[in-house]
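Here it is, the structure in full.
The values are calculated or read from the model by the stated rules, or taken from the named source; none is laboratory data. Just so it is clear, the model here is predicted, and its values are computed rather than measured. Glycine gets a Cβ as well: all are built from the backbone with ideal geometry, and neighbour counts include every protein chain shown.
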Amino acid sequence: MPFQEQEQIIEEKVSDGRTTTPPGRASGAANEGDVEQGEPEPPAGLREKQPADRLSGRQIFYIFGLDGIGAAVISGGINFAIAYGMYSTQNVDLHPIRLFQLPNTLAGDAAVTILIQTTVTWFIELVLVENDMKNGAVRPIDFVREPSRPLLRWLMLLDRKQVTNPKSRAGSHTDHAVRIGLMFIISFLILWPASIGILSTIGERRAGSDWDWYFQREWAPQVFKAVFGGLLALLTTPAMVSFWLVREGWRLPKGESLVS
């Protein structure tokens with residue numbers, strides 16, 4: 001073919017925006033990272049959303065830093081503020097602050113704190129983890145072996161059909177309620193008895209037939225609620241985050257949508 005005709009063909013291809021590459025090579029950054037040669041480069045952010053086959057430093061920081069220590073600090077501060085509003089203005093002569101007896105019971109406060117905080121944290125982490133995975137801020141976990149036993153698959157919300165009707169949505173709410181209940185029971189058994197034992201050494205026993213422990217309106221109730229809320233967050237939040245990251249690491253390779 002004459003040289004001028006070859007040059008004209010090349011110019012036409014360039015003007016059409018088409019380029020050629022040698023066989024077995026991909027353009028740009030397609031040769032970087034874990035993308036195989038000859039394959040097109042994935043869309044921006046897609047690789048970050050794929051499940052990780054090992055625990056990375058970013059995932060460790062996300063689970064135990066942001067959602068561990070960070071959640072404990074935030075929860076402790078919130079609980080301290082709540083306790084300050086609840087107890088600092090009490091007239092302890094009319095409404096004493098006691099360990100077990102109403103109206104101001106620290107044992108009851110601890111139980112209610114576990115219930116409310118685990119419920120709120122469950123749904124907050126559900127939304128935050130889903131959003132972070134979609135944005136590529138954290139990758140799902142894929143190195144944990146997917147369970148085959150029906151009970152474990154049920155516990156991890158596997159084999160669920162996507163919610164499409166009101167009855168299914170009601171069942172989805174029940175699924176969440178069951179897992180929140182399990183988290184409540186575990187947290188209660190770990191934290192509540194120990195807290196009661198510690199408070200019984202701090203409280204004041206009074207003369208007479210009264211068997212309960214009494215507390216001043218400052219600062220024992222506030223410090224107790226802050227430490228209790230922080231420890232509860234440190235115990236439950238990383239577990240909830242890991243739950244969603246591991247579950248999505250099993251589901252995404254099958255083409256299922258995030259957190260359905």
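For the range 111-141, what are the residues that are under 14 Å from PRO238 (Cβ atoms), touching a residue at least 12 places away in the same chain (Cβ under 8 Å), among the aliphatic types (A, V, I, L, M) and assigned to a helix (DSSP H, G or I)?
VAL129
Next question, about the same structure. Would you mind finding the one in GLN90, GLN117 that is in contact with a strand residue (DSSP E or B) (Cβ under 7 Å, 6 or more places away or on another chain) and of a type in the set (S, T, N, Q)?
Exactly one residue qualifies, and that residue is GLN90.
I've got another one for you. Consider only pairs whose beta carbons are under 7 Å apart and that are at least six residues apart or on different chains; among these, list those whose first residue lies in the range 69-89 and is within 25 Å of PRO103 (Cβ to Cβ) and whose second residue is among the hydroxyl-bearing types (Ser, Thr, Tyr).
ASN79/THR113
Could you tell me whether any residue of the range 229-249 is surrounded by 15 or more Cβ atoms within 10 Å (Cβ to Cβ), modelled with pLDDT under 90 and among the acidic types (Asp, Glu)?
Checking the range 229-249: at least one residue is surrounded by 15 or more Cβ atoms within 10 Å (Cβ to Cβ), modelled with pLDDT under 90 and among the acidic types (Asp, Glu).
I would also like to ask the following. Residues of the range 147-162 being surrounded by 11 or more Cβ atoms within 10 Å (Cβ to Cβ), of a type in the set (D, E, K, R) and modelled with pLDDT of 85 or more, which ones?
Passing the criteria: only ARG153.
Tell me, yes or no, whether the range 10-33 has at least one residue that is at pLDDT 50 or above and among the small types (Gly, Ala, Ser).
No, because not a single residue in the range 10-33 is at pLDDT 50 or above and among the small types (Gly, Ala, Ser).
Mind checking which residues of the range 217-240 are over 20 Å from the mean Cα position of the chain (by Cα) and of a type in the set (Gly, Ala, Ser)?
Residues satisfying the conditions are ALA220, ALA226.
If you don't mind, another one. Working only within the range 174-228, note down all residues that are part of a strand (DSSP E or B) and modelled with pLDDT of 90 or more.
GLU204, TRP213, TYR214, PHE215, listed by residue number.
Another one. Which of the following residues is modelled with pLDDT under 90 and among the β-branched types (Val, Ile, Thr): VAL138, VAL120, VAL129?
VAL138
Can you pull out every residue in the range 197-213 that is farther than 17 Å from ALA226 by Cβ and within 30 Å of the chain's Cα centre (by Cα)?
Passing the criteria: only GLY197.
Mind counting the residues in the range 80-103 that are in a helix (DSSP H, G or I), in contact with a helix residue (DSSP H, G or I) (Cβ under 6 Å, 6 or more places away or on another chain) and among the aliphatic types (A, V, I, L, M)?
Result for the range 80-103: 1.
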